[in-house]
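Participant: Structure provided below as structure tokens; questions to follow.
The values are calculated or read from the model by the stated rules, or taken from the named source; none is laboratory data. On a predicted model such as this, the values are computed, not experimentally measured, just so you know. Glycine also receives a Cβ, built like all others from the backbone with ideal geometry; neighbour counts cover every protein chain displayed. All accessible areas refer to the heavy atoms of the entire protein, side chains included, with ligands and DNA or RNA removed. Shrake-Rupley method; radii C 1.70, N 1.55, O 1.52, S 1.80 Å.
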Amino acid sequence: MSEYDLLVIGGGTGNNVAAAGADAGLDTALVEKGKLGGTCLNRGCNPSKMVIQAANAVNNVRDAEKFHTEATLGETDYAAIIDEMDEVLGGIADGMEERYREKENLTLYKDHAEFVDERTVVVGGEEVSAEKVVVAAGSRPLVPPIDGLDEVDYMTSADALYLREQPDSLVILGGGYIAVELGYFFESMGTEVTIVEMMDSLVPREDGAVSEGFTEIAESRHDVYTGHRVTEVEPDDGGVQVHAETEDGDTIAVGGEEVLVALGRRPNTDTLDVEAAGIELDDRGFIETDEYLATSEENVWALGDIAGNQMFKHSGDYETQQLVETVVHDNPTEVDYTAMPHAIFTEPQMAGVGKTEEELEEAGEEYVVGTQSIPGTPMGRAKKLDHGFVKVLAAPDGEILGCHMLGHEVSTMIHEVVVAMRRGEDTVEDITDTIHAHPTLNKAVEYAFGDVEL
Ligand SMILES: Cc1cc2nc3c(=O)[nH]c(=O)nc-3n(C[C@H](O)[C@H](O)[C@H](O)COP(=O)(O)OP(=O)(O)OC[C@H]3O[C@@H](n4cnc5c(N)ncnc54)[C@H](O)[C@@H]3O)c2cc1C
């Protein structure tokens, strides 16, 4: 048995905990069965945002006409987009592995791990244990038991991002953020996209104004079936036929060359056999953690997707910072998820922080609303934007409760509101009192906050 001071399972976000441990002089083991960098670098945020930039480039050519410029969209070398992305990101993952193999105090195990007790795992036949264990083994696509799905060659997001041949048509099961980002990419490239979503709108977790606004935009670009639950999938003439039905029993059948399952993600607690360690899980299989990210077992912590607290790369990175203090520097540090933002990188983008109007209504909280159209601002006009708004939710005393945006570059625009909410003491007036450079897109944020009647 090999014994260490610190064992980190999962080289996604977790790799930073291992590096910090090694830098602090702890004899550290890092276990990763795949590429270092995990989901975000290899099959999540990074590849999806790289291919989306290619989609944006294509759409900019299409939009040139708006600016009285004749531009003809030539051939897009689809395979080259994917090859380049693979090469760039693969290079980063390989470089990271090289550095970690040479890093002092760090032993890298490139194999699958399974728990045998609370602080011991078996990796490639070898037992590895440590005084302190951090579980950062992430999540994977959820593939529910839909009739016939096993009989077709379906893709998950990881496969779709590395598809070397562009499909003529694609049916996407699910309408969450991964589905709409990939839908935007493929439809921009010229693939005929159909999205089937069970809820009444796409991105149903967003504030209602954002999800309804985005659904309308998506419907104008490709086929969208909301309020339809997928019941069966079957092979069809070299492709796939998807059957779905409404609550009232109305049925549809849509066909495509490829089918992408984007119905959520599940934690890797089962494949890591976390239960063998006696670590408590919630009813969806995520590891239960407290405010220090401690699990039910002493000296075992969990972070990132497997703990299911937020499931973003930036929340995992934040948890890493806190956990390095707690675990590496013996300085117990709580996590505080106040003002955790998120963004969806379609065009137009979506971004949000704080509560949605629906959440405030459900909680019976009093609130006032301020809104501003983005195309109605000088920069929105100059850019000839067709869509977009900023929506502010505030308490009657001016406390900022939430802010939700749909529009060009809102993933960047949201951050002034994130800073204000994170400080906890800033109010609507602090945003309206702030001088915003004219005519930035963020003027829309200032005007939306100015629209709040206190
Ligand atoms: C298509 C897509 C787009 C996304 N876009 C965004 C975005 O724009 N912004 C954002 O914030 N988030 C985004 N995310 C989510 C983000 O990628 C994740 O929240 C984040 O990467 C989770 O980090 P993690 O460290 O918890 O898990 P991971 O990065 O998945 O790391 C876990 C690692 O553990 C390894 N592992 C698992 N089990 C074992 C085992 N038994 N033995 C050894 N190793 C094991 C895995 O191989 C993996 O490398 C996206 C996700 C997807 C799928």
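Participant: Counting other Cβ atoms within 10 Å, which trypsin sites (Lys or Arg not before Pro) in region 352-408 have at most 11 and lie in a DSSP loop? Working shown, then result.
Facilitator: Values: sites: K355, R381, K383, K384, K391; in loops: K355, K383, K384.
Hits after loop and neighbour filter: K384.
Participant: Now, a different point. For E216, E409, E258, write out the residues from largest to smallest accessible area, computed with a 1.4 angstrom probe and no ligands counted.
Facilitator: Details: E216 130, E409 75, E258 45 Å².
Ranked list, largest accessible area first: E216, E409, E258.
Participant: Per 0.36 nm of contour for each residue apart, how much would the distance between T69 and E425 grow if the chain were fully extended, relative to their Cα-Cα spacing? Please report the intermediate quantities before stating the final value.
Facilitator: On the way: separation 356, 0.36 × 356 = 128.16 nm, distance 4.82 nm.
Stretched fully, the T69-E425 segment lengthens by 123.3 nm.
Participant: Something else about it: DSSP loop trypsin sites (Lys or Arg not before Pro) in region 145-239 with at most 15 other Cβ atoms within 10 Å of their Cβ, which ones?
Facilitator: On the way: sites: R164, R205, R221, R229; in loops: R164, R205.
Counting only loop positions with at most 15 other Cβ atoms within 10 Å, the trypsin sites (Lys or Arg not before Pro) in region 145-239 are R164, R205.
Participant: What residue among V123, V135, Y100 has its Cα farthest toward the positive end of the dipole of the chain, where the charges are +1 on Lys, Arg and -1 on Asp, Glu, each on the Cβ?
Facilitator: The residue sitting most towards the positive pole is Y100.
Participant: Collect residues whose amide H, placed 1.01 Å from N in the peptide plane, falls under 5 Å from the amide H of I172; neighbours closer than 5 in sequence don't count.
Facilitator: T194, I195, V196, L260
Participant: Would you list F312, F214 from the most to the least accessible area, probe 1.4 Å? The partial results should precede the final answer.
Facilitator: On the way: F312 60, F214 10 Å².
Most to least solvent-accessible, the answer reads F312, F214.
Participant: Continuing with the same structure: Tabulate in residue order the Karplus-calculated ³J(HN,Hα) for region 192-199, using 6.51 cos²θ - 1.76 cosθ + 1.60 with θ = phi - 60°, rounded to whole Hz; enter x for Gly and Pro.
Facilitator: 7, 9, 10, 10, 10, 10, 6, 6
Participant: Still on this structure, please answer the following. What shape does the chain take by its C-alpha gyration tensor, where a ≥ b ≥ c are the square roots of the eigenvalues and a/c under 1.5 counts as rounded, a/b above b/c as prolate, and the rest as oblate?
Facilitator: Numbers: a/c = 1.68, a/b = 1.25, b/c = 1.35.
Cα axes put the chain in the oblate bin.
Participant: What accessible area per residue comes out for the chain, rounded to a whole number of Å², with a 1.4 Å probe? Display every interim value, and only then the final one.
Facilitator: Details: 20810 Å² over 454 residues.
Accessible surface, normalised per residue, equals 46 Å².
Participant: A further question follows. Work out how much length D153 to H415 would gain on full extension: take 0.36 nm times their residue separation and subtract the Cα-Cα distance, in nm to one decimal. Working shown, then result.
Facilitator: Working: separation 262, 0.36 × 262 = 94.32 nm, distance 4.07 nm.
Between D153 and H415, full extension yields an extra 90.2 nm.
Participant: With contacts defined as alpha carbon pairs under 8 Å and 6 or more residues apart, what's the relative contact order of region 177-302 in percent? Intermediate results must be reported in sequence, preceding the final value.
Facilitator: Details: 155 pairs, mean separation 18.0, N = 126.
Relative contact order here is 14 percent.
Participant: Then there's this: Using a 1.4 Å probe and counting only protein heavy atoms, arrange M379, M350, M1 so the residue with the most accessible area comes first.
Facilitator: On the way: M379 55, M350 0, M1 135 Å².
Descending accessible area places them as M1, M379, M350.
Participant: Now for a separate question. Work out the charge dipole of the chain with +1 on the Cβ of Lys and Arg and -1 on the Cβ of Asp and Glu about the Cα centre, then indicate which of L272, T326, V88 is farthest towards its positive end.
Facilitator: Of L272, T326, V88, it is V88.
Participant: Once the convex hull of the alpha carbons of region 149-263 is built, what does its volume come to per residue, in cubic angstrom?
Facilitator: Values: hull volume 11.0 nm³, N = 115.
Cα-based convex hull of region 149-263, divided per residue, equals 95 Å³.
Participant: What length, rounded to one decimal in nm, is gained on full extension from Q53 through to E359, with 0.36 nm per residue of separation minus their alpha-carbon distance? Intermediate results must be reported in sequence, preceding the final value.
Facilitator: Values: separation 306, 0.36 × 306 = 110.16 nm, distance 3.27 nm.
Here the answer is 106.9 nm.
Participant: Here is a follow-up. Is any helix in the chain, taking whole DSSP H runs, at least 30 angstrom long along its axis by alpha carbon and on average at least -0.5 on the Kyte-Doolittle scale, and which ones? Could the numbers behind the result be given before it?
Facilitator: Numbers: long enough: 78-102 (37 Å, -0.40).
Span-like helices here: 78-102.
Participant: Beta carbons within 10 angstrom, averaged per residue: use that to sort the peptides 259-271, 241-253, 9-21, highest first. The partial results should precede the final answer.
Facilitator: Working: 259-271: 21.3, 241-253: 14.2, 9-21: 26.5.
Peptide ranking by packing, descending: 9-21, 259-271, 241-253.
Participant: Kindly state, to the nearest 0.05, the FRET efficiency for A395 paired with R229, given R0 = 35 Å and r defined as their beta-carbon distance. Let's see the in-between values first.
Facilitator: Numbers: r = 37 Å, r/R0 = 1.07.
Computed FRET efficiency for A395 and R229 comes out at 0.40.
Participant: Roughly how many debye, to the nearest 20, is the charge dipole of region 41-148 about its Cα centre, given +1 on each Lys and Arg Cβ, -1 on each Asp and Glu Cβ, and no other charges?
Facilitator: On the way: 11 positive and 22 negative charges, 85 e Å.
Roughly 400 debye, rounded to the nearest 20.
Participant: Now for a separate question. What percent do you get for the relative contact order of the chain when only Cα pairs under 8 Å and 6+ apart count? Display every interim value, and only then the final one.
Facilitator: Numbers: 959 pairs, mean separation 64.3, N = 454.
Normalised by residue count, the contact order of the chain is 14 percent.
Participant: Share of the chain's accessible area from carbon and sulfur, percent, 1.4 Å?
Facilitator: Roughly 43 percent of what the probe reaches on the chain is carbon or sulfur.
Participant: Would you please name the GluC sites (Glu not before Pro) within region 1-71 that are DSSP coil residues with at most 14 other C-beta atoms within 10 Å of their C-beta?
Facilitator: Values: sites: E3, E32, E65, E70; in loops: E32, E70.
Passing sites in region 1-71 are E70.
Participant: What is the distance, in nm, between label points placed 7 Å from the Cα along the Cα-to-Cβ direction at V143 and at E126?
Facilitator: A separation of 3.1 nm, rounded to one decimal place.
Participant: So which of K66/K355; K33/K355; K110/K313 end up more than 31 Å apart by C-alpha?
Facilitator: Values: K66/K355 36 Å; K33/K355 37 Å; K110/K313 22 Å.
Result: K66/K355; K33/K355 exceed 31 Å.
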